[in-house]
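Contents: one structure, followed by commentary.
The values are calculated or read from the model by the stated rules, or taken from the named source; none is laboratory data. Fair warning: this is a prediction, and the values are worked out from it, not measured in the lab. FYI the Cβ positions are ideal-geometry reconstructions off the backbone, even for glycines, and counts take in every protein chain you see.
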């Protein structure tokens with residue numbers, strides 16, 4: 001008896017057939033769309049010039065053949081034939097539909113989206129749907145895409161730096177910087193009374209110094225940041241940032257130094273063998289949620305390190321009180337952890353690193369700011385409320401009490 005061959009039929013043929021049908025359908029859709037547009041334009045030309053081959057008294061325009069034209073389609077410019085008409089005075093009559101389709105140019109936004117999502121300029125053409133045979137196009141070259149990205153990212157930067165800040169109801173301001181070669185970009189992130197994050201602005205400087213931070217804060221104030229009410233300002237471990245905050249916001253700023261940065265700075269002054277034990281001591285102090293106990297533990301640790309490791313001791317003592325600001329507010333544990341560090345902003349800057357890591361050579365601060373604005377505004381689309389946002393009411397109460405205290409002091413001074 002003859003055995004039956006039960007092997008499965010090859011799958012390659014159906015796959016190739018599916019790919020072919022997909023290409024054919026895509027090409028058909030493009031050609032059909034152009035045919036519809038051509039008929040639409042021809043209908044408008046007939047409305048302006050009248051039916052073909054008829055003598056019309058008072059004719060306002062005449063047919064004038066066709067001219068080469070371009071329309072945006074599928075992330076590139078596709079060449080098409082444009083019907084023309086001329087008025088009795090010899091001037092060209094622009095058809096309304098052509099004006100609408102040709103003026104709407106989404107190429108800048110398309111190039112911007114592709115590059116922010118990780119498509120290199122030299123690979124942009126490959127990311128587009130293939131055009132059917134016989135249809136020519138331009139605008140997908142590396143230089144064209146780069147030029148469009150520059151224009152779009154510059155527009156994003158200008159938009160970000162012009163955002164009005166009035167009425168946001170900010171309770172927290174976070175400041176941190178990201179280094180690019182010899183440049184550093186300072187970024188400001190705000191958190192309102194309901195725990196929502198707001199991207200506020202950025203500035204570029206040679207180092208993370210006080211002047212760059214003053215420039216950033218002054219710009220925020222000019223755009224509407226409320227500086228006559230108490231604000232919790234969370235900064236990294238930089239002394240310059242803390243000093244600049246005091247200079248611009250004065251006593252209205254309750255400064256919280258990032259505990260994560262403080263740990264990192266202290267451990268960098270120690271040999272590898274000591275870092276685990278000292279790191280554990282720092283975590284114990286900052287995890288105590290009692291400012292008095294944390295202060296005592298940290299000062300005892302500083303005394304232990306003082307003899308052999310004066311650099312670590314100095315780093316630990318510098319700004320120590322400002323690392324305990326949030327701990328003394330009585331916030332819920334989740335919110336206290338969130339506001340004791342700049343991690344919320346660090347996560348945002350991590351998105352920037354993921355977007356900009358493909359850039360091998362930075363051509364000045366302008367290019368850095370454009371890429372930063374592009375990456376930040378892309379990451380902003382995924383903003384969620386901060387962890388522990390349910391406890392923001394308690395923070396608002398603490399800030400309101402500080403307002404009352406400062407206003408009372410001002411009245412006392414004025415009365416004297």
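Does residue 257 satisfy being assigned by TED's automatic domain parsing to the domain that holds residue 346, modelled with pLDDT under 95 and under 22 Å from residue 238 (Cβ atoms)? So residue 257 passes the test. Cβ separations smaller than 9 Å between residues 6+ apart or across chains give no pair from the range 150-173 residues that are free of Cβ contacts under 8 Å to residues at least 12 places away in the same chain and at positive phi to residues that are part of a strand (DSSP E or B) and buried (at least 20 other Cβ atoms within 10 Å of the Cβ). Against the test of being in contact with a strand residue (DSSP E or B) (Cβ under 6 Å, 6 or more places away or on another chain), part of a strand (DSSP E or B) and surrounded by fewer than 23 Cβ atoms within 10 Å (Cβ to Cβ), the options 184, 172 yield a single qualifying residue, 184.
Looking only at the range 208-229, residues that are more than 21 Å from residue 370 (Cβ to Cβ) and surrounded by fewer than 22 Cβ atoms within 10 Å (Cβ to Cβ) come to 12 in all.
The numbered conditions (1) outside the structural domain of residue 336 (by TED's automatic domain parsing); (2) within 16 Å of the chain's Cα centre (by Cα) are all true for residue 148 except (2).
Going by what's in this entry, would residue 249 be described as within 30 Å of residue 216 (Cα to Cα), out of contact with any helix residue (DSSP H, G or I) (no Cβ under 6 Å at 6 or more places or on another chain) and not in a helix (DSSP H, G or I)?
The answer is no for residue 249.
Each row is one residue, and each column tells you yes or no for (1) outside the structural domain of residue 326 (by TED's automatic domain parsing); (2) closer than 18 Å to residue 154 by Cβ; (3) part of a loop (DSSP other than H, G, I, E, B).
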| site | (1), (2), (3) |
| --- | --- |
| 346 | no, no, no |
| 350 | no, no, no |
| 354 | no, no, no |
| 358 | no, no, yes |
| 361 | no, no, yes |
| 368 | no, yes, no |
| 372 | no, yes, no |
| 375 | no, yes, no |
| 379 | no, no, no |
